[in-house]
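K.L.:
Quick one: the structure is below, questions incoming.
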Amino acid sequence: MSRARSCAWTVVGRPTAGTTRRRRSRKPLMKVGVIGCGFQGSLHVECLQALEDVEVVAVCDTDRSRLDEVRSTTRSAKGYADYRDLLDRHALDLVTVCTMPNHHMRMTVDAFATGAHVLCEKPLALDASEGREMLRAAAAADRMLGIGFNMRFTPNAQIIKRHIESGVLGRPLYTHAWAKSSQIPWWGEHYRKELSGGGALAATAVHFLDLALWFAGFPRPVAASASAAQVFPTKRGPTAPDTASAGRYNVDDLLAAHLRFEDGFWMTLQGSWVDNIPSHADGSPSWDYSLDAIGESAQAVLDPPSIRGEREGEIIELLPPDTVSDVSFPPSVASLIAETVNAIRAGRDAPVTGEQALVTQVIVDAIYESAAAGAEVSIDPSELDWSR
Ligand SMILES: NC(=O)c1ccc[n+]([C@@H]2O[C@H](COP(=O)([O-])OP(=O)(O)OC[C@H]3O[C@@H](n4cnc5c(N)ncnc54)[C@H](O)[C@@H]3O)[C@@H](O)[C@H]2O)c1
């Protein structure tokens, strides 16, 4: 999500390349393969290597320099240009899929066929039909499919979820979620729909759609009405690259949706990669990501975190005044990965399940369909049924 991860790593301590970790516990060693060594794959490798009883034994990327760079941070991982070699040559317990969404389905299905569990990066896939195929493959192999919606593991999201579970918000009524940033994520080809499945929604705002659904208990979606635009290159932002990249740019970068769910819950979602938010003083891009979840008794804001209720006619803040706002990105990815590994060991569901990601993907598809048609679209319950 953000390129500023090196700053955040200085807070939690970045593992040193080549550091030898001694195994202290007696849990069986979990052997992991990571496919895709770009922005997110290199972070997965770092996070996995920080865990005890986990070893990254193989990594894969079609780009030789990225592969070599990531391999140099591991103790002895083998490197492959073809992911099928990575799958064939190792008995892997877990495969993490960190390529762009156009590869998620094929790589995940092939990994299940080898008997590995899979943690696949968000969004689930290019569309829901691919997502349903991934869920069928997980069920056929009796393996876990987890998805990389790491924002749930930020301290702010965890605090709000705990309060929601305690019942303080009451019945969920309406959530407004937004993800606005001052620049396009140029480091990867997130701006090519055929690779990413979409832009400001599928690549970025989808995190806050997932959070809103998680807070509301994953109600069943029934309809979406949306509008979307491609504003780049008219608005370029501070870090727009050369025109060659711009020529392949074909995604939504400004979007708004109104979503209706069963039992009367509704939400609005806003995504933008071209917001005129000033950059940070050091020139790095800035963003404004948050949500406002309104329940029958109180309402919660993600960032800065707040839960406001009322007592005897007064509005009161229910979070302690010393609550620190923390939505740092790399530690939340580290927590998601650690919880995924724990879930595999304990035979539990993934912390972010494939079924939940399918609900999100069905909504993403409906939003794009509605924006293209210029009309509300209904969501049929059969779209959530992956068993057929
Ligand atoms: N959870 C998050 O917050 C978060 C943040 C960033 C990216 N992501 C997700 O991670 C995925 C990758 O995004 P990224 O930003 O790391 O992109 P990236 O372009 O930096 O990395 C993708 C890598 O995959 C490699 N690759 C392409 N085809 C391949 C193939 N056939 N076999 C092996 N490797 C191949 C590319 O060479 C590249 O190094 C996307 O699904 C994205 O949405 C998630």
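Laboratory data are not the source of any read-out in this text; all were calculated from the coordinates shown. Please read all numbers here as calculations on a predicted model, not as lab measurements. Here the Cβ positions follow ideal geometry from the backbone for every residue, glycine too, while neighbour counts run over all protein chains shown.
K.L.:
Please give the net charge around residue 191, taking every other residue with its beta carbon less than 12 angstrom from that of residue 191, where Lys and Arg add +1 and Asp and Glu add -1.
P.N.:
Details: positive: 192, 193, 248; negative: 189, 194, 252, 253.
Surrounding charge for residue 191 is -1.
K.L.:
Dipole of the chain (Lys/Arg Cβ +1, Asp/Glu Cβ -1, origin at the Cα centre): which of 170, 59, 119 lies farthest to the positive side?
P.N.:
Checking the options against the dipole of the chain, the answer is 59.
K.L.:
Let me ask you something else. Taking the Cα centre of the chain as origin, sum charge times position over the Cβ atoms of Lys and Arg (+1) and Asp and Glu (-1), and report the length of that vector in debye to the nearest 20.
P.N.:
1440 debye
K.L.:
Let me ask something additional. Could you rank the peptides 115-121, 230-236, 126-132 by their average count of other C-beta atoms within 10 Å per residue, with the highest value first?
P.N.:
So the order, starting with the most tightly packed, is 115-121, 126-132, 230-236.
K.L.:
Could you tell me whether the chain comes out rounded, prolate or oblate from its Cα gyration tensor? Rule is a ≥ b ≥ c as square roots of the eigenvalues, rounded for a/c under 1.5, then prolate if a/b exceeds b/c, otherwise oblate.
P.N.:
In terms of gyration-tensor shape, rounded.
K.L.:
Dipole of the chain (Lys/Arg Cβ +1, Asp/Glu Cβ -1, origin at the Cα centre): which of 140, 291, 354 lies farthest to the positive side?
P.N.:
140
K.L.:
Determine the calculated [θ] at 222 nm for the chain from helices alone, applying -39500 (n - 2.57) to every DSSP H run no shorter than 4 residues and normalising by the residue count; nearest 500 deg cm²/dmol.
P.N.:
-10000 deg cm²/dmol
K.L.:
Let me ask something else. Around residue 372, with a cut-off of 12 angstrom between Cβ atoms, what is the net charge of the other residues, counting Lys and Arg +1 and Asp and Glu -1?
P.N.:
Net charge in that neighbourhood comes out at -2.
K.L.:
Under 5 Å between amide hydrogens, which residues at least 5 positions from residue 78 or on another chain qualify, with H placed 1.01 Å from N in the peptide plane?
P.N.:
The list, which skips near neighbours in sequence, is 58, 59.
K.L.:
Something else: Relative to the compact globular guide of 2.2 N^0.38 Å, what is the alpha carbon radius of gyration of segment 145-212, as a ratio?
P.N.:
On the way: Rg = 14.8 Å, N = 68, 2.2 N^0.38 = 10.9 Å.
Output field value: 1.35.
K.L.:
Neighbour counts of other C-beta atoms within 10 Å: give me 56, 327, 70, 168 arranged from fewest to most.
P.N.:
168, 327, 70, 56
K.L.:
Further question: Below 13 angstrom from the Cβ of residue 106, what's the summed charge of the other residues (Lys, Arg +1; Asp, Glu -1)?
P.N.:
Net charge in that neighbourhood comes out at -3.
K.L.:
In addition: If you take the charge dipole of the chain about its Cα centre, with +1 on Lys and Arg Cβ and -1 on Asp and Glu Cβ, which of 36, 129, 195 is farthest toward its positive end?
P.N.:
Final value for the positive-end residue is 36.
K.L.:
Where both residues lie in the chain, what percent of DSSP beta bridges are antiparallel, nearest 5?
P.N.:
Looking only at bridges with both residues in the chain, the antiparallel portion is about 60 percent.
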